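Okay, structure first, notes after.
The values are calculated or read from the model by the stated rules, or taken from the named source; none is laboratory data. Just so we're clear, the structure is a prediction, and the values are computed from it rather than from any experiment. Note that each Cβ is placed from the backbone with ideal geometry, even for glycine, and that neighbours are counted across all protein chains shown.
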Amino acid sequence: DAKTTQPNSMESNEEEPVHLPCNHSTISGTDYIHWYRQLPSQGPEYVIHGLTSNVNNRMASLAIAEDRKSSTLILHRATLRDAAVYYCIPQNTGNQFYFGTGTSLTVIP
Amino acid sequence: DAMVIQNPRYQVTQFGKPVTLSCSQTLNHNVMYWYQQKSSQAPKLLFHYYDKDFNNEADTPDNFQSRRPNTSFCFLDIRSPGLGDAAMYLCATSKGAGGYNEQFFGPGTRLTVL
């Protein structure tokens with residue numbers, strides 16, 4: 001299983017963009033890169049996922065390095081509701097999720 | 001709305017007294033998962049079902065069992081809960097087993113062991 005490295009915590013000012021990095025240098029060629037977030041006392045929530053190309057959806061953008069050993073989740077304008085723990089999860093073909101420690105994002109008003 | 005439902009949201013049991021947590025889904029997904037999340041830790045996969053095929057994680061204690069009587073329901077049985085089993089238990093589903101499938105999580109059941 002690919003191991004991930006994420007900063008333990010990050011801060012952002014409200015209304016500013018946030019770039020959340022993830023290192024997954026042992027990722028296999030067929031692993032999708034998933035990002036989930038977990039608000040306090042809630043189950044994790046899907047944010048975005050991709051394989052090789054950069055991806056955009058209504059919540060965020062995902063930038064994947066050309067060698068796929070790292071990726072960055074981009075929140076274009078952080079709001080207070082984006083304060084959560086963000087998990088980067090390489091997903092193998094068995095679809096088992098092995099969560100790393102994640103990044104706790106604090107949004108400052 | 002289609003969703004993953006977990007009951008109860010809060011469960012209190014006594015040390016050694018068997019307890020069952022339930023999960024249901026209206027998504028008609030083939031795969032169902034159980035995770036354990038202890039305080040200030042990341043969720044940890046316990047096991048999953050692909051349809052009726054049960055897949056146990058190697059380090060899941062024997063004290064934890066699961067049943068999936070039909071597509072919609074999945075149960076987590078803890079045969080003899082210990083104090084160390086106090087945690088949030090999360091149920092999730094996915095349409096299939098390919099890496100492109102996202103997982104849909106329920107709100108969790110918080111288990112307290114007295």
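The figures follow:
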read-out	value
Where a residue in the range B:55-71 is within 14 Å of chain A (Cβ to nearest Cβ) and its partner, wherever it lies, is in a loop (DSSP other than H, G, I, E, B), with Cβ under 9 Å and at least six apart	B:Asn55/A:Gly94; B:Asn55/A:Gln96; B:Glu57/A:Gln96
Odd one out for B:Glu102, checked against (1) out of contact with any His (no Cβ under 7 Å at 6 or more places or on another chain); (2) free of Cβ contacts under 8 Å to residues at least 12 places away in the same chain; (3) surrounded by 15 or more Cβ atoms within 10 Å (Cβ to Cβ)	(1)
Condition broken by B:Leu45, with the remaining ones in (1) of a type in the set (A, V, I, L, M, F, W, C); (2) more than 8 Å from chain A (Cβ to nearest Cβ); (3) free of Cβ contacts under 8 Å to residues at least 24 places away in the same chain satisfied	(2)
Lone qualifier among B:Leu21, B:Leu27 - being part of a loop (DSSP other than H, G, I, E, B) and of a type outside the set (Asp, Glu)	B:Leu27
Of residues in the range A:19-63 being of a type in the set (D, E, K, R) and surrounded by fewer than 19 Cβ atoms within 10 Å (Cβ to Cβ), the one farthest from A:Leu105 (Cα to Cα)	A:Arg58
Any hit, the range B:48-66, residues being buried (at least 19 other Cβ atoms within 10 Å of the Cβ), within 18 Å of A:Phe99 (Cβ to Cβ), of a type outside the set (Gly, Ala, Ser) and modelled with pLDDT under 95	yes
Qualifying position, being outside any loop (DSSP other than H, G, I, E, B) and within 14 Å of another protein chain (Cβ to nearest Cβ), among B:Tyr100, B:Tyr89	B:Tyr89
Scope the range A:86-95; condition free of Cβ contacts under 8 Å to residues at least 24 places away in the same chain and either exposed (fewer than 15 other Cβ atoms within 10 Å of the Cβ) or more than 13 Å from chain B (Cβ to nearest Cβ) (or both); matching residues	A:Gly94
Scan of the range A:64-85 for residues that are of a type in the set (A, V, I, L, M) and either surrounded by fewer than 12 Cβ atoms within 10 Å (Cβ to Cβ) or more than 9 Å from every other protein chain (Cβ to nearest Cβ) (or both), ordered by number	A:Ile64, A:Ala65, A:Leu73, A:Ile74, A:Leu75, A:Ala78, A:Leu80, A:Ala83, A:Ala84
Hits in the range B:1-25 - residues which are among the hydroxyl-bearing types (Ser, Thr, Tyr) and either exposed (fewer than 15 other Cβ atoms within 10 Å of the Cβ) or modelled with pLDDT under 95 (or both)	B:Tyr10, B:Thr20
Residue ranges of strands (runs of 3 or more DSSP E) in the range A:22-109 with at least 1 members among the hydroxyl-bearing types (Ser, Thr, Tyr) and over 25 Å from B:Trp34 (Cβ atoms)	A:61-64, A:70-75, A:103-108
